[in-house]
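The structure under discussion appears below in the form of structure tokens.
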Amino acid sequence: MRVSEKVSIITGGARGIGRAAVDLFASEGSIVYAVDLDFDEPFENPSVQTVAMDVTSPEQWDDLVQRVLNDHGRIDILFNNAGAVGSYDGIADISFEDWHRIIDLNLNGVFYGTKAVLPAMRKAGTGAMVHTSSMWGYVGASGVAAYTASKAAVRSLSKNVALTYAAEGIRSNSIHPGIIGTPMVMAQDTELTDDLIQKTPLGRLGTPREVAQGALFLASDDASYITGTELLIDGGSTAQ
Ligand SMILES: NC(=O)c1ccc[n+]([C@@H]2O[C@H](COP(=O)([O-])OP(=O)(O)OC[C@H]3O[C@@H](n4cnc5c(N)ncnc54)[C@H](O)[C@@H]3O)[C@@H](O)[C@H]2O)c1
């Protein structure tokens with residue numbers, strides 16, 4: 001029970017990495033608020049509450065924080081995980097509309113969530129945040145201009161939160177998945193996925209649970225002396 005009775009908010013909780021994290025955190029004793037646009041499948045664990053909301057809405061974040069504080073009086077963990085590739089275009093081809101939409105989800109969504117939750121964590125003098133970046137927010141990648149920019153910004157924002165609020169007992173770290181077998185990846189063209197698998201030293205896709213395990217570690221007290229860093233969960237891809 002590595003997050004026993006801790007109150008967690010996990011975004012992008014309906015599918016993929018977020019869903020695996022909701023299941024894992026709940027099985028490790030956490031009360032979990034799973035956030036997503038909508039939920040098709042219910043969760044078996046009764047300590048999971050589903051919240052249908054859009055992470056790009058600061059107003060909806062304020063409502064959620066109010067609800068969690070009314071229910072439990074505290075927020076121990078924020079896992080900012082919702083995100084999407086959105087466009088594979090480089091700068092020459094990407095539309096203004098796509099650029100803003102992707103930055104709004106992948107970067108502003110993290111900013112809104114962090115800003116909404118910080119007052120409760122500061123008041124409590126404790127809290128742990130984990131933000132999902134990507135290996136493509138750690139090293140460069142061609143094409144995917146908005147995604148790489150947003151994910152690199154998340155890495156930097158996480159360090160900023162870590163340094164700004166360390167003295168107040170708040171930790172912040174980023175995780176950087178490689179190529180993971182989630183609905184997001186399975187929906188893309190198989191040639192690209194096969195090529196990425198071939199370039200991965202461990203020679204296979206990662207699983208959502210393998211990423212969730214990293215998030216759980218950073219969110220838990222096992223990582224009590226870890227802040228402002230990043231955890232690559234990429235089968236060795238960026239070690240090359
Ligand atoms: N799968 C990978 O290979 C991979 C690699 C690196 C990083 N990531 C990152 O991991 C995170 C999770 O990705 P995934 O692969 O599980 O994707 P996914 O598409 O399977 O799941 C993402 C979830 O986020 C939700 N979401 C999207 N927009 C939202 C919004 N505005 N408000 C609330 N929820 C919203 C979706 O509905 C979905 O359930 C993302 O930030 C992604 O960029 C994934």
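The values are calculated or read from the model by the stated rules, or taken from the named source; none is laboratory data. What you are looking at is a predicted structure, and each value in this text was computed from that prediction instead of being measured. All Cβ positions, glycine included, derive from the backbone under ideal geometry; neighbour counts span all protein chains shown. These area figures cover heavy atoms from the full protein model, side chains too; ligands, DNA and RNA do not enter into them. Shrake-Rupley method; radii C 1.70, N 1.55, O 1.52, S 1.80 Å.
Against the 2.2 N^0.38 Å scaling, with N counting residues, where does the chain land? I'd like the Cα-based Rg ratio to two decimal places.
My calculation over the Cα atoms of the chain gives 0.96.
Mind checking the per residue accessible area of the range 7-233 for me, 1.4 Å probe, whole number of Å²?
Heavy-atom SASA per residue in the range 7-233 reads 46 Å².
Show me the GluC sites (Glu not before Pro) within the range 43-124 that DSSP assigns to loop and that have at most 12 other Cβ atoms within 10 Å of their Cβ.
Answer in residue order: Glu44.
For Ile91 and Ser47 in the same chain, what is the full-extension length gain: residue separation times 0.36 nm, less their Cα-Cα distance, in nm?
11.5 nm
Counting only protein heavy atoms, what percent of the accessible surface of the chain is carbon or sulfur at a 1.4 Å probe?
Summing carbon and sulfur atoms, their accessible area is 51 percent of the total for the chain.
Would you mind telling me the antiparallel percentage of the DSSP bridges in the range 7-233, rounded to 5?
0 percent
Can you tell me the length gained on complete extension of the stretch Arg209 to Gln240, counting 0.36 nm per residue apart and subtracting the Cα distance?
That pair, Arg209 and Gln240, stretches by 8.8 nm at full extension.
Let me check against my output: what whole-number percent is the relative contact order of the chain, with C-alpha pairs under 8 Å and at least 6 apart?
Worked out over the chain, it gives 20 percent.
Given a 10 angstrom Cα cut-off, can you work out which residue in His176, His72, His131 is the most mobile in a GNM of the chain?
His72
Starting from the Cα of Lys123, draw a straight line to each of the lysines and keep only those under 23 Å, dropping any in the same chain fewer than 8 residues away.
Lys123 reaches Lys6, Lys115, Lys159.
Run the quick spin-label model on Asp195 and Phe217: label points 7 Å from Cα toward the beta carbon, then report their separation in nm to one decimal.
Distance between the two pseudo-spin positions: 3.1 nm.
State which stretch of the chain is the longest one without any exposed trypsin sites (Lys or Arg not before Pro), exposure meaning a DSSP loop state and at most 14 other Cβ atoms within 10 Å.
1-198
Sticking with the crude label model, points 7 Å out along Cα→Cβ, report the distance from Ser156 to Thr229 in nm, one decimal please.
With each label placed 7 Å out from Cα toward Cβ, I get 2.3 nm.
Amide H to amide H, which residues 5 or more places from Ile179 or on other chains are under 5 Å from it, using H placed in the peptide plane?
Amide H to amide H, under 5 Å and 5 or more residues apart or across chains, Ile179 pairs with Gly206.
Could you go through the range 95-101 in sequence order and give the Karplus-derived ³J(HN,Hα) for each residue, using 6.51 cos²θ - 1.76 cosθ + 1.60 with θ = phi - 60°, rounded to whole Hz, and x for Gly and Pro?
7, 4, 4, 5, 3, 5, 5
Mind checking which of Ala141, Ala149, Ala26 has the largest fluctuation in a GNM of the chain, springs on alpha carbons under 10 Å?
Comparing Ala141, Ala149, Ala26 in the GNM, the peak value goes to Ala141.
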